[in-house]
1. Please report, ordered by residue number, the helices (runs of 4 or more DSSP H) entirely within the chain with at least 3 residues that are at pLDDT below 85.
2. Any residue in segment 75-92 that is under 14 Å from ASP37 (Cα atoms) sitting within a Cβ distance under 6 Å of a residue that is part of a loop (DSSP other than H, G, I, E, B)? List the pairs, counting only those 6 or more apart or interchain.
Amino acid sequence: MLKAQDFEYLKMEKKEEYLTSEGSFIACRSQDPYYVDLYSIGDFFVEVWYVNMEEAYSREGVGEMSLLTDIVTITQEKDINRYIELYENSRA
């Protein structure tokens, strides 16, 4: 299992492969115009940033398609706290 620092230095394609095989989806949030999925991999977390192209272009005939923009290793507690706050607010 890779450590967070090792994962951070992988190329995007290798991050995608590793995330697909080892990652567990936890949550999703939006930050206009992006969607951000949170995954856990071993003992660290990763955010996958993407844009929903159908919403971005609002054209008829465009199927569900998204554009991956970044895969970010979460290194600060404040970044994971964002998800805790979203969860707590959704239960209120």
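The values are calculated or read from the model by the stated rules, or taken from the named source; none is laboratory data. All figures in this text were calculated on a predicted structure; none of them were measured in a lab. All Cβ positions, glycine included, derive from the backbone under ideal geometry; neighbour counts span all protein chains shown.
1. The qualifying helices (runs of 4 or more DSSP H) are 53-57, 77-91.
2. Matching pairs, first to second residue: ILE80/ILE74.
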